[in-house]
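Engineer: Here's a structure for you.
The values are calculated or read from the model by the stated rules, or taken from the named source; none is laboratory data. Remember, predicted model here, so these are calculated numbers, not experimental data. No Cβ is skipped: glycine too gets one built from the backbone with ideal geometry, and neighbour counts run over all protein chains shown.
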């Protein structure tokens with residue numbers, strides 16, 4: 001009798017979630033990008049929105065919410081209804097770095113967000129304004145050592161990968177650089193091109209066009225191998241910085257409590273969208289490598305990355321404010 005009552009209770013509790021899953025989607029979806037337009041997260045979100053919308057039969061809108069190293073946009077998703085209609089295009093910052101930086105985080109990404117799928121991975125570039133008198137990475141390091149703190153580097157915000165990669169470079173190259181945070185890669189790259197700042201450790205998708213046009217000079221690729229889009233640019237390891245090998249990623253997440261069938265459906269549709277030749281053709285020139293995953297695999301990656309970047313934050317002594 002007790003077993004029957006328990007089964008009925010569980011069925012009653014599951015009914016609302018099951019109903020939401022069966023009705024999904026009932027209105028337009030939005031992908032919240034926690035950075036300004038023009039960065040890698042924004043560019044790829046816009047490429048992905050079209051095939052997802054076609055598959056779901058509802059428009060998919062990209063909503064830029066920059067600020068606080070990605071926390072503002074992520075919190076918008078955390079506070080949204082857990083029904084699959086609001087997704088976060090998450091980067092390592094808000095998901096794996098900020099919990100180590102902010103004493104009073106407004107949410108816990110491990111508790112309040114549910115992983116859907118990895119979307120893409122990408123190399124970063126060490127790029128400088130052409131006015132910087134350094135033709136290669138060794139010359140840049142020598143210049144920074146000769147002028148401690150005189151060279152400024154831009155980032156997409158405190159705790160963003162563009163910040164963490166810069167701090168890791170500073171530690172490994174034993175140089176002093178001045179960090180200038182922005183509210184997204186787009187405005188940071190614009191100021192780098194304009195000469196307001198001298199350097200950046202940016203994701204390939206948001207700066208490769210400027211490199212190819214000669215508006216920025218690429219000194220090194222941060223990944224383990226040269227990038228096919230810029231085959232003449234050496235890796236940092238090849239350029240003499242053997243212990244500086246890092247890549248970045250972006251992923252889709254939803255509010256915790258979103259019904260599992262909706263999460264699984266979204267993950268499947270992301271995988272299908274990223275496999276489309278038209279999507280891959282649009283991502284290839286950006287240097288964004290499609291990398292769909294299961295929710296479980298993304299969850300494992302997030303746990304690993306939180307431990308990794310927590311160590312870098314402590315080693316670099318990064319603080320907020």
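Engineer: Kindly indicate whether any position in the range 30-51 is over 26 Å from residue 279 (Cα atoms) and at pLDDT below 95.
Structural biologist: There is no residue in the range 30-51 that is over 26 Å from residue 279 (Cα atoms) and at pLDDT below 95.
Engineer: Would you confirm whether any residue within the range 103-113 is closer than 30 Å to residue 211 by Cα and either in contact with a strand residue (DSSP E or B) (Cβ under 8 Å, 6 or more places away or on another chain) or not assigned by TED's automatic domain parsing to the domain that holds residue 210 (or both)?
Structural biologist: no
Engineer: Moving on. Across the range 66-94, which residue is surrounded by the most Cβ atoms within 10 Å (Cβ to Cβ) among those that are at pLDDT 95 or above and part of a loop (DSSP other than H, G, I, E, B)?
Structural biologist: Going through the qualifying residues, I end up with 84.
Engineer: Return the only residue of 296, 307, 291 being touching a strand residue (DSSP E or B) at 6+ places or on another chain (Cβ under 9 Å) and surrounded by fewer than 14 Cβ atoms within 10 Å (Cβ to Cβ).
Structural biologist: Selected residue: 296, the only one of 296, 307, 291 that is touching a strand residue (DSSP E or B) at 6+ places or on another chain (Cβ under 9 Å) and surrounded by fewer than 14 Cβ atoms within 10 Å (Cβ to Cβ).
Engineer: Filter the range 177-226 for residues that are farther than 15 Å from residue 37 by Cβ, in a loop (DSSP other than H, G, I, E, B) and out of contact with any helix residue (DSSP H, G or I) (no Cβ under 7 Å at 6 or more places or on another chain) and give the result.
Structural biologist: Residues satisfying the conditions are 195, 196, 198, 213, 214, 223, 224, 225, 226.
Engineer: Looking only at the range 295-314, decide whether some residue is over 24 Å from residue 229 (Cα atoms) and over 20 Å from the mean Cα position of the chain (by Cα).
Structural biologist: Within the range 295-314, one or more residues are over 24 Å from residue 229 (Cα atoms) and over 20 Å from the mean Cα position of the chain (by Cα).
Engineer: Here's a follow-up. Residues in the range 135-176 that are in contact (Cβ under 8 Å) with a residue 60 or more places away in the chain, more than 15 Å from the chain's Cα centre (by Cα) and assigned to a helix (DSSP H, G or I): how many?
Structural biologist: Final tally of qualifying residues: 11.
Engineer: Of the numbered conditions (1) over 19 Å from residue 120 (Cβ atoms); (2) surrounded by 12 or more Cβ atoms within 10 Å (Cβ to Cβ); (3) at pLDDT below 95, residue 8 satisfies every one except a single condition; which is it?
Structural biologist: (2)
Engineer: I've got another one for you. Assess whether residue 59 counts as being in contact with a helix residue (DSSP H, G or I) (Cβ under 6 Å, 6 or more places away or on another chain), in the same structural domain as residue 281 (by TED's automatic domain parsing), surrounded by fewer than 20 Cβ atoms within 10 Å (Cβ to Cβ) and touching a residue at least 40 places away in the same chain (Cβ under 8 Å).
Structural biologist: no
Engineer: So which of 236, 256, 273 ends up being surrounded by 15 or more Cβ atoms within 10 Å (Cβ to Cβ), over 23 Å from residue 161 (Cβ atoms) and in contact with a strand residue (DSSP E or B) (Cβ under 7 Å, 6 or more places away or on another chain)?
Structural biologist: Step by step, each of 236, 256, 273 is checked, and only 256 is surrounded by 15 or more Cβ atoms within 10 Å (Cβ to Cβ), over 23 Å from residue 161 (Cβ atoms) and in contact with a strand residue (DSSP E or B) (Cβ under 7 Å, 6 or more places away or on another chain).
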